[in-house]
Amino acid sequence: MSEIQEIPLREFHAKHGARFVNFGGWNMPVQYTSILEEHQAVRKAAGLFDVSHMGEFFVRGTDAGAYLDRLVVNRIAKAPVGKAIYSPMCTEDGNVVDDLIVYCISATEFLICVNAGNIEKDLAWFRDKAAAWQLELTVEDQSEQFALLALQGPVAEEILVAAGLDAAAELQRFYHQSLAWDNAELRICRTGYTGEDGFEIYVHPNDAEKLAQRIMEAGAEKGLKLCGLGARDSLRLEAGLPLYGHEISNEISPLEAGLGWTVKFKKPDFVGKAALAQQKESGLKQRVIHFKLEGRRIAREGTDVVSENGERVGRVLSGTLSPMTSTPIGSALVATEALDAALYVDLRGNKQTLLTAKPPLHK
């Protein structure tokens, strides 16, 4: 996809002062006022994000649950209707193709949300596996049929109720529900990517602006702000949530990323099981860690992590300044054998002590 694509609400965002950037082939709002203000709004009140660039697949058929159970590392087939399940999807060598959220609509129908930059790759992966396993199911890419809004923050539920989405108050964490709202069909999900309570709402592109406007009106007196990708990234990093291509990738397994809780080894079989079982048995050679730094200098992606004697033992995966603590934070991939000794980041020839920390990094 060489041509930059536009999200359905592009003009809505432009009218509200959005600055746009090319993100994975999409023209996306990166900020409206400032990343600091938007980030703090989500932690203290609420923020509304447009993540319509994400991809949506439907898997339908009598074998749909068994197929997804074999395709991803988490358990899908026995999920109750209405459950949302986060899972990495691996290659045979145990590294990550993508990380997904799977929504169980029924025993024979599942909605899968995939990362925007991986839509074509994931669709080919899904269909190749379905053909190879000769199962009774269909895989449809319906990404163009959806806009996706994410309302995140401690007053998100209150805002949605005020906007006429009363079902938000009854929805449990990592569950979803289809409902009618103002002549529009929505799927509201209590999921998110910020470390706060929040909701993601799937809506047809033709109804997206009406919904966004209603949410903004309902949140006007409650501290709601429109938020862009800049705040989304700093929020997820404070919360310790992975971003594909950074904390998980085709070079980093779920176990190495600290996502072992998603890997259900008791399932009969799934792609990557043997490799991940071998990793677990023999011990991990590298691990993703989170850290803080003293001072104000940020260790950006690609910065070397070094030992006391200056030997390179890893690299920074993500780095920013925490808007809540004004402290540099980040994640890094480090050789396991180096984790028991002092670690440093090499900031243009100056060694800065790396202080390992457990997320959330703003608490």
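From the list 78, 121, which residue is farther than 20 Å from residue 178 by Cβ, surrounded by fewer than 16 Cβ atoms within 10 Å (Cβ to Cβ), out of contact with any Pro (no Cβ under 8 Å at 6 or more places or on another chain) and modelled with pLDDT under 95? Please lay out each step first, then the result.
Details: 121 fails: modelled with pLDDT under 95.
That would be 78, the only listed residue that is farther than 20 Å from residue 178 by Cβ, surrounded by fewer than 16 Cβ atoms within 10 Å (Cβ to Cβ), out of contact with any Pro (no Cβ under 8 Å at 6 or more places or on another chain) and modelled with pLDDT under 95.
For residues that are surrounded by 16 or more Cβ atoms within 10 Å (Cβ to Cβ), out of contact with any Pro (no Cβ under 6 Å at 6 or more places or on another chain) and in a loop (DSSP other than H, G, I, E, B), tally how many sit in the stretch 162-195.
9
Out of 97, 102, I need the residue that is closer than 21 Å to residue 177 by Cβ, buried (at least 19 other Cβ atoms within 10 Å of the Cβ) and either in contact with a strand residue (DSSP E or B) (Cβ under 8 Å, 6 or more places away or on another chain) or among the aromatic types (Phe, Trp, Tyr) (or both). Which one? Reasoning before the result, please.
Numbers: 97 fails: closer than 21 Å to residue 177 by Cβ.
None of the others qualify; the one that does is 102.
List the strands (runs of 3 or more DSSP E) inside the stretch 74-152, counting only whole elements, that have at least 2 residues being within 20 Å of the chain's Cα centre (by Cα) and among the acidic types (Asp, Glu).
Details: elements: 84-90, 96-106, 109-114, 138-141, 147-152.
Counting at least 2 such residues, we get 96-106.
Got a sec? Which strands (runs of 3 or more DSSP E) wholly within the stretch 320-363 have at least 1 residues that are among the acidic types (Asp, Glu)? Walk me through it before giving the result.
Numbers: elements: 328-335, 344-347, 350-353.
In the stretch 320-363, the matching strands (runs of 3 or more DSSP E) lie at 344-347.
Given the criteria among the charged types (D, E, K, R), in contact with a helix residue (DSSP H, G or I) (Cβ under 9 Å, 6 or more places away or on another chain) and within 19 Å of residue 193 (Cβ to Cβ), does residue 92 qualify? Reasoning before the result, please.
Values: among the charged types (D, E, K, R): yes; in contact with a helix residue (DSSP H, G or I) (Cβ under 9 Å, 6 or more places away or on another chain): yes; within 19 Å of residue 193 (Cβ to Cβ): no.
Criteria not met by residue 92.
Look through 217, 209 and report the one residue that is in contact with a helix residue (DSSP H, G or I) (Cβ under 8 Å, 6 or more places away or on another chain), assigned by TED's automatic domain parsing to the domain that holds residue 11, outside any loop (DSSP other than H, G, I, E, B) and surrounded by fewer than 20 Cβ atoms within 10 Å (Cβ to Cβ). Explain how you work it out, then say what you get.
Numbers: 217 fails: in contact with a helix residue (DSSP H, G or I) (Cβ under 8 Å, 6 or more places away or on another chain).
Among 217, 209, only 209 is in contact with a helix residue (DSSP H, G or I) (Cβ under 8 Å, 6 or more places away or on another chain), assigned by TED's automatic domain parsing to the domain that holds residue 11, outside any loop (DSSP other than H, G, I, E, B) and surrounded by fewer than 20 Cβ atoms within 10 Å (Cβ to Cβ).
Which of the residues that make up the stretch 9-25 are in contact (Cβ under 8 Å) with a residue 24 or more places away in the chain and either surrounded by fewer than 20 Cβ atoms within 10 Å (Cβ to Cβ) or part of a loop (DSSP other than H, G, I, E, B) (or both)? Reasoning before the result, please.
Restricting attention to the stretch 9-25, the residues satisfying the condition of being in contact (Cβ under 8 Å) with a residue 24 or more places away in the chain are 9, 12-13, 16, 18-19, 21, 23-25.
If the condition is that a residue be in contact (Cβ under 8 Å) with a residue 24 or more places away in the chain and either surrounded by fewer than 20 Cβ atoms within 10 Å (Cβ to Cβ) or part of a loop (DSSP other than H, G, I, E, B) (or both), then 9, 12, 16, 18, 19, 21, 23, 24, 25 are the ones that fit.
Is it the case, given these coordinates, that residue 361 is under 16 Å from residue 240 (Cα atoms), touching a Phe, Trp or Tyr at 6+ places or on another chain (Cβ under 7 Å), in contact (Cβ under 8 Å) with a residue 60 or more places away in the chain and not aromatic (Phe, Trp, Tyr)? Steps first, please.
Numbers: under 16 Å from residue 240 (Cα atoms): yes; touching a Phe, Trp or Tyr at 6+ places or on another chain (Cβ under 7 Å): no; in contact (Cβ under 8 Å) with a residue 60 or more places away in the chain: yes; not aromatic (Phe, Trp, Tyr): yes.
No.
Among the candidates 80, 8, which residue alone is within 30 Å of residue 228 (Cα to Cα) and either out of contact with any Phe, Trp or Tyr (no Cβ under 6 Å at 6 or more places or on another chain) or assigned by TED's automatic domain parsing to the domain that holds residue 273 (or both)?
Working: 80 fails: within 30 Å of residue 228 (Cα to Cα).
That would be 8, the only listed residue that is within 30 Å of residue 228 (Cα to Cα) and either out of contact with any Phe, Trp or Tyr (no Cβ under 6 Å at 6 or more places or on another chain) or assigned by TED's automatic domain parsing to the domain that holds residue 273 (or both).
Regarding the stretch 50-61, can at least one residue be identified that is closer than 29 Å to residue 25 by Cα, in contact with a Pro (Cβ under 8 Å, 6 or more places away or on another chain), outside any strand (DSSP E or B) and not aromatic (Phe, Trp, Tyr)?
Narrowing the stretch 50-61 to residues closer than 29 Å to residue 25 by Cα: 50-60.
Imposing the further condition that a residue be in contact with a Pro (Cβ under 8 Å, 6 or more places away or on another chain) reduces the set to 50, 52.
Now drop any that are not outside any strand (DSSP E or B), which leaves 52.
Next cut, not aromatic (Phe, Trp, Tyr) only: 52.
There is at least one residue in the stretch 50-61 that is closer than 29 Å to residue 25 by Cα, in contact with a Pro (Cβ under 8 Å, 6 or more places away or on another chain), outside any strand (DSSP E or B) and not aromatic (Phe, Trp, Tyr).
Of the residues 24, 17, 47, only one is under 28 Å from residue 206 (Cα atoms) and either assigned by TED's automatic domain parsing to the domain that holds residue 124 or at pLDDT below 95 (or both); which?
Working: 17 fails: either assigned by TED's automatic domain parsing to the domain that holds residue 124 or at pLDDT below 95 (or both); 47 fails: either assigned by TED's automatic domain parsing to the domain that holds residue 124 or at pLDDT below 95 (or both).
The conditions single out 24.
In this structure, is residue 190 farther than 24 Å from residue 16 by Cα and touching a strand residue (DSSP E or B) at 6+ places or on another chain (Cβ under 6 Å)? Can you show your working first?
Numbers: farther than 24 Å from residue 16 by Cα: yes; touching a strand residue (DSSP E or B) at 6+ places or on another chain (Cβ under 6 Å): yes.
In short, yes.
Which residues, taken from the stretch 231-286, are part of a loop (DSSP other than H, G, I, E, B), polar (S, T, N, Q) and either at pLDDT below 95 or crowded, with 17+ Cβ neighbours inside 10 Å (or both)? Steps first, answer last, please.
Taking the stretch 231-286 first, the residues part of a loop (DSSP other than H, G, I, E, B) are 240-243, 245-247, 250-251, 253-259, 263-272, 283-285.
Cutting the leftovers down to polar (S, T, N, Q) gives us 250, 253.
Answer for the stretch 231-286, where residues must be part of a loop (DSSP other than H, G, I, E, B), polar (S, T, N, Q) and either at pLDDT below 95 or crowded, with 17+ Cβ neighbours inside 10 Å (or both): just 253.
Being touching a Lys or Arg at 6+ places or on another chain (Cβ under 9 Å) and either closer than 26 Å to residue 22 by Cβ or part of a loop (DSSP other than H, G, I, E, B) (or both) is the filter here; which residues of the stretch 62-73 pass it?
Within the stretch 62-73, 73 is the sole residue that qualifies.
The values are calculated or read from the model by the stated rules, or taken from the named source; none is laboratory data. None of the values given here were measured: they were computed from a predicted structure. With ideal geometry, Cβ positions are generated from the backbone for all residues, glycine too; neighbour counts draw on all protein chains shown.
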